[in-house]
Structure formats: structure tokens, C-alpha cells
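Shown next, in C-alpha cells, is the structure this report addresses.
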Amino acid sequence: MMHLSTEPIPLDTGDTPLFVKGSGYREHLVELYAAGHDDQGPVSRRRAETLRPEIWPLDDDERLLLVVLGQRYLLYEEDPRPLTYATAAKQLGYLRPDAGWNERKIEYRVEAVRRRLHGTGFRYPVMHDTSQGRPADNGLLHNLLKGLVESTTLVPPDLDLIEDDALWPDPAPEA
């Protein structure tokens with residue numbers, strides 16, 4: 001978030017996504033290209049068509065769950081990783097105490113989203129190859145969250161879903 005009172009943030013050379021709030025619930029994604037001293041920048045594509053991103057359908061519970069798991073992605077942290085299911089269950093339990101969130105329910109809901117998106121043209125693999133065994137590094141969840149953020153299915157304003165109460169502490173770094 002940028003405000004008049006915020007200190008300037010230096011940008012690395014390359015593309016930087018910028019989300020601009022419009023009227024009502026509208027939001028626009030603008031990609032800025034920061035050029036270096038020896039960089040001419042991207043070639044102008046004035047006549048290029050604007051391509052709409054593939055926005056994947058999520059119900060309200062799925063959106064909340066994925067925002068909690070992927071909040072580091074939505075904050076554009078460097079090398080983000082999903083929250084653990086245990087940490088997510090605690091935060092979801094705090095946000096929606098009557099919803100019965102636990103690690104098993106989270107695993108089930110994430111698996112359902114991954115199965116639904118598998119084979120639909122989703123940009124990254126979200127199901128494991130049984131011949132290779134299960135990935136040990138949460139790679140498929142990472143792929144899911146990365147793809148949902150890149151497609152603008154999940155956007156930074158979705159963080160409002162988990163910021164209803166300023167008393168929830170930021171999640172501690174996880175290994």
C-alpha cells in the first residue's frame with residue numbers, strides 16, 4: 001500500500017504490478033516497468049490487445065482459506081511460502097470461530113480446489129504425479145497460490161478478509 005506519508009520504495013529493474021482501486025469494487029492491475037541505466041525497457045506494443053486474465057471461481061470459504069494461506073504472496077514478499085495448515089487453522093479459528101476450521105478441513109478444501117483446477121489450463125501443476133511420490137516442500141500449494149495471484153483471482157484487497165480485527169498478530173516466520 002502506498003500513501004502520501006509512506007517513504008519512497010526503490011524498484012528493481014523489471015516489471016512491478018501496481019493495483020489501483022477504482023470505483024465501487026473495481027480494481028485495475030497496471031504493470032510498471034522500471035528501466036535501469038543501460039536498459040531501453042520493453043518494446044512498445046500500442047496496438048496489442050489487452051488480454052483478460054483467467055480468473056478462477058472460488059466460493060467465499062475457499063477465498064478466505066486461500067487468502068490466509070497465501071497472505072505472503074498477496075503482500076508480494078520476496079520468495080513467499082504458504083502458511084502451514086496449523087498456523088492457518090489458528091488464524092481461521094480466530095477469524096471464524098464457528099466455522100470449525102482445522103488442519104484436516106483445510107487439507108480437504110485445498111485438495112478440492114486443486115482437483116477442480118487440474119486440467120483446466122491452470123498455469124502451474126497443482127496435482128502430484130503418483131509415479132514421483134508426494135512433493136515434500138509444499139510445492140503444489142505454492143503453485144496453486146502463485147497461479148491464483150498471478151491470474152488476479154486473488155488480489156491484495158482480498159487481505160481485507162483477514163484484517164477485520166487488528167488484534168490478530170502477524171504470523172511468525174515458518175521453516
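The values are calculated or read from the model by the stated rules, or taken from the named source; none is laboratory data. Because the structure is a prediction, the values reported are computed rather than measured. Backbone-built Cβ (ideal geometry, glycine too); neighbour counts: all protein chains shown. These accessible areas exclude ligands, DNA and RNA; they are computed on the full protein's heavy atoms, side chains included. Shrake-Rupley method; radii C 1.70, N 1.55, O 1.52, S 1.80 Å.
Residues in the stretch 104-141 that are among the hydrophobic types (A, V, I, L, M, F, W, C) and modelled with pLDDT under 85 were compared, and the one that is least open to solvent (accessible area, probe 1.4 Å) is M127.
Of all residues in the stretch 47-62, those being open to solvent by 90 Å² or more (accessible area, probe 1.4 Å) and closer than 24 Å to H118 by Cα number 6.
Listed here are the residues, each with its yes/no results for (1) free of Cβ contacts under 8 Å to residues at least 12 places away in the same chain; (2) under 18 Å from the mean Cα position of the chain (by Cα).
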| position | (1), (2) |
| --- | --- |
| R47 | yes, no |
| W56 | no, yes |
| V67 | no, yes |
| T84 | no, yes |
| K90 | yes, no |
| P97 | yes, no |
| H118 | yes, yes |
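When the stretch 147-164 is limited to residues that are closer than 24 Å to P97 by Cα and of a type in the set (A, V, I, L, M, F, W, C), the one that is most open to solvent (accessible area, probe 1.4 Å) turns out to be L161.
Take L65 and decide whether it is under 13 Å from L144 (Cα atoms) and open to solvent by less than 80 Å² (accessible area, probe 1.4 Å).
Answer is yes for this residue.
For R72, the test of being out of contact with any Lys or Arg (no Cβ under 7 Å at 6 or more places or on another chain), surrounded by 18 or more Cβ atoms within 10 Å (Cβ to Cβ) and not in a loop (DSSP other than H, G, I, E, B) is failed. When the residues of the stretch 76-95 are filtered to those that are in a loop (DSSP other than H, G, I, E, B), open to solvent by 90 Å² or more (accessible area, probe 1.4 Å) and not hydroxyl-bearing (S, T, Y), the one that is farthest from I106 (Cα to Cα) is E78.
Return a yes/no flag: does the stretch 156-168 have any residue that is modelled with pLDDT of 95 or more, among the charged types (D, E, K, R) and either closer than 27 Å to E54 by Cα or within 15 Å of the chain's Cα centre (by Cα) (or both). Within the stretch 156-168, none of the residues are modelled with pLDDT of 95 or more, among the charged types (D, E, K, R) and either closer than 27 Å to E54 by Cα or within 15 Å of the chain's Cα centre (by Cα) (or both).
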